[in-house]
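Q: Shown below is the structure under consideration.
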Amino acid sequence: MPQHLTMNSPRAVGNACLAGGGYSLMGDFMVARDISENRLVRLLPDYEPIEQPIFAFHAQRSRIPRKVGVFIDHLAEVFSGTLPAEVPDILSR
């Protein structure tokens, strides 16, 4: 009987797939190099996954650090489909 294993670390999932431990649904940006270097193969090239919401959580405080606010704003922009031509290095601010 096949076993089902759940992991919540993208790196662990990728490493398990690279080691022959199964298959996964991962973002193109996470596996592009492994696919281009033939370490992984795309199983369902015509499959489009259902869009899922993304949430950003932070500690509840009266003021959140500027870096956190800038990062959350950046995520909202990236995932709204209006990515700017050049992505700033927001964590160095």
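The values are calculated or read from the model by the stated rules, or taken from the named source; none is laboratory data. Predicted model, so just to flag it, every value in this text is computed and none were measured. Neighbour counts are summed over all protein chains in view; Cβ atoms, including those assigned to glycine, are modelled from backbone coordinates with ideal geometry. Heads up: the accessible areas ignore ligands, DNA and RNA and are worked out on the full protein's heavy atoms, side chains in. Shrake-Rupley method; radii C 1.70, N 1.55, O 1.52, S 1.80 Å.
Q: Check which residues have an amide H placed less than 5 Å from Phe79's amide H, if you skip close sequence neighbours.
A: none
Q: Tell me, what is the per residue accessible area of the stretch 43-84 in Å², probe radius 1.4 Å? Numbers along the way, then the final one.
A: Numbers: 4080 Å² over 42 residues.
In whole numbers, the stretch 43-84 has 97 Å² accessible per residue.
Q: Let me ask something else about it. Could you give each residue of the stretch 67-77 its phi-based ³J(HN,Hα) in whole Hz, using Karplus coefficients 6.51, -1.76, 1.60 with θ = phi - 60°, and x for Gly or Pro?
A: Going residue by residue, I get 4, 5, x, 5, 5, 5, 4, 4, 4, 4, 5 Hz, with x marking Gly and Pro.
Q: Taking θ = phi - 60°, what integer Hz values does the Karplus form 6.51 cos²θ - 1.76 cosθ + 1.60 yield along the stretch 18-32, in sequence order, with x for Gly and Pro?
A: Each residue's phi maps through the Karplus curve to give 4, 7, x, x, x, 9, 7, 9, 10, x, 3, 5, 7, 10, 4 Hz.
Q: Here is a follow-up. On full extension of the chain, what length is gained from His58 through Leu25, given 0.36 nm per residue of separation minus the C-alpha to C-alpha distance?
A: 9.2 nm
Q: Another question about this same structure. Net charge around Val31, counting only other residues with Cβ within less than 15 Å of its Cβ (Lys, Arg = +1; Asp, Glu = -1)?
A: Working: positive: Arg11, Arg33, Arg39, Arg42; negative: Asp28, Asp34, Glu37.
Counting the neighbours of Val31, the net charge comes to +1.
Q: Short version: ³J(HN,Hα) in whole Hz for each residue of the stretch 47-53, in order, from phi by Karplus 6.51 cos²θ - 1.76 cosθ + 1.60 (θ = phi - 60°), x for Gly and Pro, what are they?
A: 7, 10, x, 5, 5, 10, x
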